[in-house]
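What follows is a single structure, written as structure tokens, with notes after it.
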Amino acid sequence: MAVFRCKMCGGSVDIEPGATVGVCDWCGTKQTFPRLDDDRRATLYDRANHFRRSNEFDKAAAIYEQILNEDSTDAEAYWSLVLCQYGIEYVEDPATHKRIPTVNRAQFTSIFDDGNYQSALQYADGYQRELYEDEAKAINEIQRGILAISEKEKPFDVFICYKETDANGRRTPDSVLANDLYHQLTQEGFKVFFARITLEDKLGTAYEPYIFAALNSSKVMVVLGTKPEHFNAVWVKNEWSRYLALVKQSGGKKVLIPAYKDMDPYDLPEEFSHLQAQDMSKLGFMQDLIRGIKKIVKAGDPKGNGKETVVIEGAVNIAPLLKRAFLFLEDGNWAEADEYCEKVLDRDPENGEAYLGKLMAELQVKSRERLADCAEPFDNRQNYEKVIRFGDEKLKAEMRDYLSQIKERNKNSRSLEKYNDAVKAMNEAKSEAQLKAAAGLFQTIPGFKDADTLAAQCLEKAESVRLKRKRRAKKAVKILIPVVSGVVALAVVFLILWFATPVWTLRYEANDDGGYTVYCNKDFVKSVTIPEKHLGKKVTSIGNSAFCYCTELSEITIPASVTSIEDCAFQDCSGLTKITISASVTSIGNWVFAYCSNLNSITIPDSVQNIGYGAFESCSGLTSVTIPDSVTSIEGNTFADCTGLTSITIPDSVTSIKECAFWGCSGLTSVTIGNGVTSIEDWAFNKCFGLTSITFTGTKAQWNAISKKSTWNDYTRSYTVYCTDGNLSK
């Protein structure tokens with residue numbers, strides 16, 4: 001009998017095997033249970049439910065997502081995500097002493113339209129579905145009440161987020177600072193949400209409708225604090241994390257401003273790393289803050305003209321300076337252009353055109369139209385980020401159009417390169433494996449030219465080759481059937497020797513190294529030991545498609561004489577579980593172990609310098625792999641679709657991670673990337689749904705300097721990049 005903690009009160013609940021609903025003996029609440037197939041899942045649920053009961057909804061949601069990455073049919077995990085999204089807290093009903101839901105994260109959308117709620121119903125059994133539907137109705141009614149109240153509230157300009165009291169119930173220094181800011185802003189005519197005053201006449205009633213209304217109407221949130229733990233206090237974080245989500249949806253119409261005092265700014269929450277934090281101990285802080293808020297609020301006022309009303313000393317000199325800067329750009333005088341842009345920014349720190357000039361000087365582009373001719377996208381540059389942050393809508397649209405042109409051009413260029421490689425591979429293909437490999441190349445560029453048609457043709461030809469080989473094998477067997485009874489004994493002896501003698505199992509061809517390349521004669525071989533020598537000469541290579549489709553091969557030993565394993569050597573050896581690669585091997589070709597679905601681990605020796613395209617593609621049983629320091633590049637599709645892979649370490653020697661290298665590794669949760677990496681190509685970690693952490697052995701600056709294609713991490717959820725000098729978040 002499994003023990004589970006009540007998701008309402010935290011009391012222990014005994015679950016009968018197979019039960020999906022039950023009643024807590026502690027609080028008497030009927031509730032749904034997850035499928036606790038193993039101790040690990042039970043531990044994950046315990047931890048996640050603990051965070052949710054503590055109102056740390058984001059932490060809880062991350063663990064529920066992890067559970068769904070392992071089992072996408074877990075109805076309870078989907079329902080738990082709903083509870084996190086709406087900030088459901090279960091409080092005791094004084095009348096019945098049972099736990100009832102309250103909403104701490106109201107939404108404009110109905111719970112009935114929520115995708116996670118619909119998934120919960122889809123995968124629930126009848127008992128679970130009934131409870132989910134009843135509770136959703138209750139939550140929906142609470143939401144309607146919150147929205148009805150919030151609609152009557154007048155809009156706010158500024159929301160002050162802070163920690164009111166410490167663990168002993170005493171007012172914090174943050175509260176005093178927030179009080180001063182409130183009075184300063186109200187004197188300037190702003191409508192300010194300040195919980196201690198705004199909610200003082202709401203005692204004894206739910207605060208959520210008023211907080212919800214203020215979060216949605218405020219154009220600015222100021223999050224202030226004097227200690228890191230104050231910024232991360234549960235209810236403080238609940239407010240600013242909700243507002244950050246609104247900022248992302250607002251298209252620049254909402255702004256969050258972190259403000260700190262008596263603490264290191266690097267101790268601010270990671271989520272603030274992209275924001276400009278304000279030091280409250282700095283002389284003139286309050287005046288600068290009020291000035292900035294005025295600008296933001298006026299820009300968002302539909303009745304206003306969106307222009308700053310504060311006169312900046314020397315502003316009249318900006319236009320000539322900008323003109324000089326762009327003239328220097330036309331002449332290719334990058335240093336002077338940058339210097340004059342800096343002069344503009346000294347007078348107007350938020351001038352988008354000046355940041356555009358700095359970006360052009362950085363990229364050494366003479367005219368803004370030529371930005372579209374840049375070899376690579378520049379959206380990872382700080383000056384570009386400032387252009388987007390401070391530029392007007394026309395300038396932003398112009399920049400995004402240039403980026404779109406670059407990305408489309410590069411995408412077509414990469415697709416054409418892949419297309420040409422695929423056509424070459426198709427024309428040179430002779431074996432079934434080579435034809436399938438060519439089809440795989442075409443399939444990486446769906447919709448490009450006639451790639452889809454050619455992929456289908458390659459697969460048809462591969463099937464034709466397979467059938468011909470099968471017919472030849474059957475014909476050979478018929479020839480061996482004795483037609484005279486006296487030959488039966490001889491045939492039996494021949495077949496025994498055929499199956500038992502390694503010399504007949506393996507075939508050797510002389511190669512350019514002065515040694516032999518080995519091939520396999522039979523698809524049904526089970527175990528092979530390749531000799532170091534044949535006819536007195538070394539066996540130095542395992543040939544192209546040598547053991548391809550030997551589906552019964554479970555184990556093989558490669559001798560120390562072998563230095564290279566050629567393309568597709570062990571492709572589709574679905575029975576292969578173990579392989580020993582000698583320390584003499586320097587090269588592993590393309591698709592060597594592709595589709596070896598039962599291969600669970602492999603150690604690549606330090607001698608290996610090259611690992612080919614798709615070498616371990618679709619090795620779904622592979623859980624761990626060691627990449628040696630001798631490797632300098634992770635080629636395209638190397639570990640694509642290795643769904644069982646949970647972690648991998650990429651050494652400092654690697655400089656590039658190519659396209660689709662870890663595509664579809666849905667079980668991958670952690671990656672260590674060495675500081676030697678300078679580029680990460682398209683779709684390198686695409687659809688790594690379980691990825692939660694990347695450990696980078698360099699600094700944050702080095703991580704940001706890596707050239708990353710725009711689609712390198714498509715379809716990944718939130719993760720943290722741990723650098724040597726701090727952390728970054730997706």
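The values are calculated or read from the model by the stated rules, or taken from the named source; none is laboratory data. Model, not experiment: these values are computed from the prediction. No Cβ is skipped: glycine too gets one built from the backbone with ideal geometry, and neighbour counts run over all protein chains shown.
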Residue within the stretch 124-132 that is under 25 Å from T643 (Cα atoms), surrounded by fewer than 21 Cβ atoms within 10 Å (Cβ to Cβ) and out of contact with any strand residue (DSSP E or B) (no Cβ under 8 Å at 6 or more places or on another chain) present:
no
Being more than 26 Å from the chain's Cα centre (by Cα) and more than 13 Å from I558 (Cα to Cα) is the filter; apply it to the stretch 604-613 and report the residue that is surrounded by the fewest Cβ atoms within 10 Å (Cβ to Cβ).
D606
Residues that are closer than 30 Å to A583 by Cα, at least 1 per element: which strands (runs of 3 or more DSSP E) completely within the stretch 617-730 meet that?
624-626, 647-650, 670-673, 693-696
When only residues in the stretch 586-601 that are assigned to a loop (DSSP other than H, G, I, E, B) and touching a strand residue (DSSP E or B) at 6+ places or on another chain (Cβ under 9 Å) count, which is farthest from E566 (Cα to Cα)?
N600
If we keep only residues of the stretch 145-179 that are part of a strand (DSSP E or B) and not hydroxyl-bearing (S, T, Y), then the residue surrounded by the fewest Cβ atoms within 10 Å (Cβ to Cβ) is R171
Can you find, within the stretch 251-268, the residue that is surrounded by the most Cβ atoms within 10 Å (Cβ to Cβ) among those that are closer than 20 Å to K700 by Cβ and modelled with pLDDT under 90?
D267
Name the single residue that is nearest to G664 (Cα to Cα) among those in the stretch 586-612 being aromatic (F, W, Y) and without any contact (Cβ under 8 Å) to a residue 40 or more places away in the chain.
Y595
Selected residue (only one of F108, F57 is outside the structural domain of K687 (by TED's automatic domain parsing), hydrophobic (A, V, I, L, M, F, W, C) and surrounded by fewer than 21 Cβ atoms within 10 Å (Cβ to Cβ)):
F108
What residue, among those in the stretch 390-404 that are surrounded by fewer than 15 Cβ atoms within 10 Å (Cβ to Cβ) and in a helix (DSSP H, G or I), is farthest from the chain's Cα centre (by Cα)?
K394
Does at least one position in the stretch 62-69 carry a residue that is part of a loop (DSSP other than H, G, I, E, B) and either without any contact (Cβ under 8 Å) to a residue 24 or more places away in the chain or more than 22 Å from E270 (Cβ to Cβ) (or both)?
no
Candidates E350, E376, filtered to the one that is within 30 Å of H183 (Cβ to Cβ), assigned to a loop (DSSP other than H, G, I, E, B) and either of a type in the set (D, E, K, R) or at pLDDT below 90 (or both)
E350
Go through (1) crowded, with 20+ Cβ neighbours inside 10 Å; (2) not assigned by TED's automatic domain parsing to the domain that holds G352 for Y384 and report which single condition fails.
(2)
So which helices (runs of 4 or more DSSP H) stay within the stretch 420-508 end to end and still have 3 or more residues that are at pLDDT below 80 and of a type in the set (K, R)?
451-480
Look at the stretch 23-41 and say how many of its residues are in contact with a strand residue (DSSP E or B) (Cβ under 8 Å, 6 or more places away or on another chain), of a type outside the set (F, W, Y) and surrounded by fewer than 18 Cβ atoms within 10 Å (Cβ to Cβ).
3
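Can you tell me which residues in the stretch 100-144 are among the hydroxyl-bearing types (S, T, Y) and either assigned to a helix (DSSP H, G or I) or touching a residue at least 60 places away in the same chain (Cβ under 8 Å) (or both)? Spell out how you get there, then give the answer.
Taking the stretch 100-144 first, the residues among the hydroxyl-bearing types (S, T, Y) are 102, 109-110, 117, 119, 123, 127, 132.
Passing the criteria: T102, Y117, S119, Y123, Y127, Y132.
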Those residues of the stretch 510-559 which are outside any loop (DSSP other than H, G, I, E, B), within 24 Å of A437 (Cβ to Cβ) and at pLDDT below 90, in sequence order
C520, V528, I556
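Yes/no per residue for (1) more than 15 Å from the chain's Cα centre (by Cα); (2) of a type in the set (F, W, Y):
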| site | (1), (2) |
| --- | --- |
| T623 | yes, no |
| T626 | yes, no |
| T632 | yes, no |
| K658 | yes, no |
| A705 | yes, no |
| T711 | no, no |
| Y715 | no, yes |
Test: residue in the stretch 87-94 that is touching a helix residue (DSSP H, G or I) at 6+ places or on another chain (Cβ under 6 Å) and part of a loop (DSSP other than H, G, I, E, B)
yes
Tell me which of these G28 doesn't satisfy, since it passes every other one: (1) over 18 Å from A120 (Cβ atoms); (2) in a loop (DSSP other than H, G, I, E, B); (3) free of Cβ contacts under 8 Å to residues at least 12 places away in the same chain.
(3)
Cβ pairs under 8 Å, 6+ apart or interchain, first in the stretch 447-468 and in contact (Cβ under 8 Å) with a residue 24 or more places away in the chain, second β-branched (V, I, T) and surrounded by 13 or more Cβ atoms within 10 Å (Cβ to Cβ), ordered by first then second residue, are A451/I445; L454/V423
Going by the conditions given, is G332 among the small types (G, A, S), exposed (fewer than 15 other Cβ atoms within 10 Å of the Cβ) and modelled with pLDDT of 90 or more?
yes
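Among A361, A422, A433, which is the only one that is in contact (Cβ under 8 Å) with a residue 12 or more places away in the chain, in contact with a Ser or Thr (Cβ under 7 Å, 6 or more places away or on another chain) and not assigned by TED's automatic domain parsing to the domain that holds G614?
Step by step, each of A361, A422, A433 is checked, and only A433 is in contact (Cβ under 8 Å) with a residue 12 or more places away in the chain, in contact with a Ser or Thr (Cβ under 7 Å, 6 or more places away or on another chain) and not assigned by TED's automatic domain parsing to the domain that holds G614.
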Considering residues of the stretch 222-266 that are of a type in the set (A, V, I, L, M) and assigned to a helix (DSSP H, G or I) only, the residue nearest to K298 (Cα to Cα)
V247
Considering residues of the stretch 614-623 that are touching a residue at least 24 places away in the same chain (Cβ under 8 Å) and of a type in the set (S, T, N, Q) only, the residue surrounded by the fewest Cβ atoms within 10 Å (Cβ to Cβ):
S620
Subset of the stretch 564-589 that is among the aliphatic types (A, V, I, L, M) and closer than 18 Å to N637 by Cβ - its residue that is nearest to the chain's Cα centre (by Cα):
I588
